[in-house]
Amino acid sequence: MQNRRPGSTLARVMILAGIDEAGYGPTLGPLVVSVTVFRVEAPAGAPTESQAPDLWHTLRNVVDRKPDGRNIAVNDSKKLFTQKRGLRHIEEGLLPFVWLTTPKPPRTLRALIDALVPCTNKTATAYLDDYLWYAQRDADLPSGTYPGAVAARRERLAECLESSGVEVVGLRSCPLEVFEFNSALEAEANNKANVSFRAIGAFLKQLWKSFPDEPVDVVVDRQGGRRYYGPQLFRAVGPRSLRVETQTENCSIYGLTRRGNGSSPFRVTFTTKGDALSLPVALASMLSKYVRELHMGLFNEFWREHLADLKPTAGYAVDARRFLREIAPLRRRLEIDDRRLVRQR
């Protein structure tokens, strides 16, 4: 995520960002939180809930909510993915955006992680080799469609973005694997929502630092029943002040003030069904689901190499119990550390 380059031809712009997760509830596999960031022409007075541009409308010549074999489908990942259908619709909707924002289209899972996962002191993929089921493994991309289909959509998307005055600034993802998840859970007094907010807060802080001179409107898809986010938001971002605009059962909105007079507004909305209201949130939902499913593909591949008749699992609680029962003798034989395999919550 970078600030606008000098010499921009857009007179007045704003940042739209969306944050969503996949894997909040499962017993097996990673929790993945992702953010997508766009720069758009800003209406006067933005950002406000009624004035933030609707990117589905802005990009309607190329982007739609439903896959039709030609246009780019962007929607809640649950509406694009099923285990039976596979990753095709998510890849044909998500990867054109990914390929636009990476110097070289990532053609493996590890290349995707290197491109999209923030990392400072080691390679982004280093955590994979701490898990027996990921070590020395990779997955080719795309897996459910053809590279040519992604490339054709990428070209159409690029043309539409340019003509619409929209820029895809960046996509980022944070996979939190089981051992890291359990460690964070212990640090957060067994509060799973706080574990998820660690990644959300880090993304919000990065947005706050990256775009000091532009209005920023962030929508976060809300998980669980929490209504009050002010204290967590203040600790994560560190604004001069925080204004509560609304805190209802379904939506909580906050205005954050920077230090200095005349600073650009920074607005954060936590809402249910955010992936139906905001294209950036829907795209973040797709990215999180994609990264999680690629991990689960390697996970199932490892166990089925040892137990050919083993039915794959998506990692959710009921089926996870079945899966764990069936691999129990193998777990003992391989001396698997359950802290790396099974989430505490």
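Figures for the structure shown
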{"quantity": "Some residue of region 211-226 being under 30 Å from Arg70 (Cβ atoms) and aliphatic (A, V, I, L, M)", "calculated": "yes"}
{"quantity": "Flag for Thr257 being hydroxyl-bearing (Ser, Thr, Tyr) and in contact (Cβ under 8 Å) with a residue 60 or more places away in the chain", "calculated": "no"}
{"quantity": "Elements of type helices (runs of 4 or more DSSP H) in region 107-195, at least 3 residues being at pLDDT 95 or above and either within 26 Å of Met14 (Cα to Cα) or among the aromatic types (Phe, Trp, Tyr) (or both)", "calculated": "147-164"}
{"quantity": "Which numbered condition Arg226 fails, given (1) farther than 23 Å from Pro118 by Cα; (2) assigned to a strand (DSSP E or B)", "calculated": "(2)"}
{"quantity": "Residues that are touching a residue at least 60 places away in the same chain (Cβ under 8 Å), over 24 Å from Asp140 (Cβ atoms) and surrounded by fewer than 16 Cβ atoms within 10 Å (Cβ to Cβ), drawn from region 286-335", "calculated": "Tyr316, Ala317, Arg321, Leu334"}
{"quantity": "Residue match in region 268-286 (condition: over 28 Å from Gly144 (Cα atoms) and out of contact with any Cys (no Cβ under 9 Å at 6 or more places or on another chain))", "calculated": "yes"}
{"quantity": "Residues within region 330-339 that are farther than 15 Å from Arg304 by Cβ and not charged (D, E, K, R), tallied", "calculated": "1"}
{"quantity": "Search result, residues across region 181-205 that are surrounded by fewer than 18 Cβ atoms within 10 Å (Cβ to Cβ) and either in contact with a Phe, Trp or Tyr (Cβ under 8 Å, 6 or more places away or on another chain) or of a type in the set (S, T, N, Q) (or both)", "calculated": "Ser183, Asn190, Asn191, Asn194"}
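The values are calculated or read from the model by the stated rules, or taken from the named source; none is laboratory data. On a predicted model such as this, the values are computed, not experimentally measured, just so you know. Neighbour counts run over all protein chains shown; Cβ positions are idealised from the backbone, glycine included.
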